[in-house]
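Everything below concerns the one structure shown next.
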Amino acid sequence: SGPRRWSAADLAGPTLIFVGSFLIAVTIALPTLLVGNFREIPLSTDFTTVATAEDATVLDRCSLATPRARTAGADLVRQQRVVAVQPSDSHRVTLQAGTSVQAETLKIDDREVDPEDPRPGSEDESAQPCNEATIDAIKDRVTLDRETAEPQLSARGASEIQYDSDQAPVLVPDRRGFTYLLPFDTSLSDHEFFDPVTRTTVPLVYDGNAEVVGRDVARFRAEIPETDLARAALGR
């Protein structure tokens with residue numbers, strides 16, 4: 001059994017602080033651009049990406065049960081697995097992405113602690129457990145055009161994001177922009193990126209070239225502004 005999922009309102013504080021600066025950038029481009037044999041998104045798509053952020057700042061959820069809220073330094077690991085699921089056919093593919101952000105360590109009062117260790121506020125039994133390593137976890141399903149990698153939401157296409165395993169997914173019928181894949185022969189210009197955490201579309205900016213495992217790849221960067229997720233949850 002996995003860790004208990006938090007609702008969007010529960011995650012508002014922790015996510016609000018780091019979502020604006022956490023690195024989302026390059027990984028969305030690499031899986032497709034490294035595979036030059038395909039002109040369409042393959043129906044066998046299944047890949048995992050990992051990104052890290054050192055010295056991030058998060059809200060200590062346990063401090064909400066104390067007289068004064070506090071922040072903590074954190075080393076974060078973001079893991080994401082993207083798999084092709086149904087409905088998919090010769091023209092479209094539905095991707096299901098599971099994404100989690102976990103704290104490997106926390107620094108509180110200049111002292112490094114394990115995220116699951118007891119700390120002030122964690123003894124409050126009336127609240128959900130606050131000393132968990134999982135900061136954020138979501139599941140996203142979106143149907144894409146196999147050639148353009150753009151959302152294709154007509155004819156039973158899916159665009160739904162689940163923030164809490166105990167609640168129904170949130171539908172996003174007006175979704176636009178790339179999230180997990182870029183199409184083959186992507187132009188080296190600016191595009192749009194859809195962020196499933198804040199459910200907003202922001203510019204996806206070409207950021208030069210790099211070399212990954214001996215291949216030349218294009219870098220793209222998306223900057224997500226700080227967002228009040230509690231307010232965004234009200235619009236679900």
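The values are calculated or read from the model by the stated rules, or taken from the named source; none is laboratory data. Since this is a predicted model, take the numbers as computed values, not measurements. Methodologically, a virtual Cβ is constructed for each residue, glycine included, from the backbone with ideal geometry; neighbour enumeration extends over all protein chains shown. Accessible surface areas use protein heavy atoms only, side chains included; no ligands, DNA or RNA. Shrake-Rupley method; radii C 1.70, N 1.55, O 1.52, S 1.80 Å.
Worth a mention:
- Point-charge dipole on Cβ atoms (K/R +1, D/E -1) for segment 117-182, about Cα centre, debye to 20: 520
- Accessible area of F47 in the full protein assembly, 1.4 Å probe (Å², nearest 10): 40
- In terms of Cα atoms, the Rg and Dmax of segment 120-236 work out to 17.9, 54 Å.
- Residues of segment 114-155 with amide N under 20 Å of a point placed 7 Å along Cα→Cβ from Q86: 140-146, 152-155
- In this view, the solvent-accessible surface of V50, computed with a 1.4 Å probe and all protein chains in place, comes to about 90 Å².
- Averaging the sequence gap over all C-alpha pairs within less than 8 Å and six or more residues apart, then dividing by the number of residues, gives segment 106-191 a relative contact order of 19 percent.
- Taking the Cα centre of segment 76-166 as origin and assigning +1 to Lys and Arg Cβ atoms and -1 to Asp and Glu Cβ atoms, the resulting dipole is close to 720 debye.
- Loop sites in segment 64-161: trypsin sites (Lys or Arg not before Pro), DSSP, at most 15 other Cβ within 10 Å: R68, R70, R156
- Around the Cα centre of segment 104-236, unit charges on the Cβ atoms of Lys, Arg, Asp and Glu (plus for the first two, minus for the last two) sum to a dipole of about 780 debye.
- Normalised contact order of segment 78-236, rounded percent, pairs of Cα under 8 Å and 6 or more residues apart: 14
- For D75, neighbours were defined as the other residues whose beta-carbon sits under 11 Å from its Cβ, and their charges (Lys and Arg +1, Asp and Glu -1) total -3.
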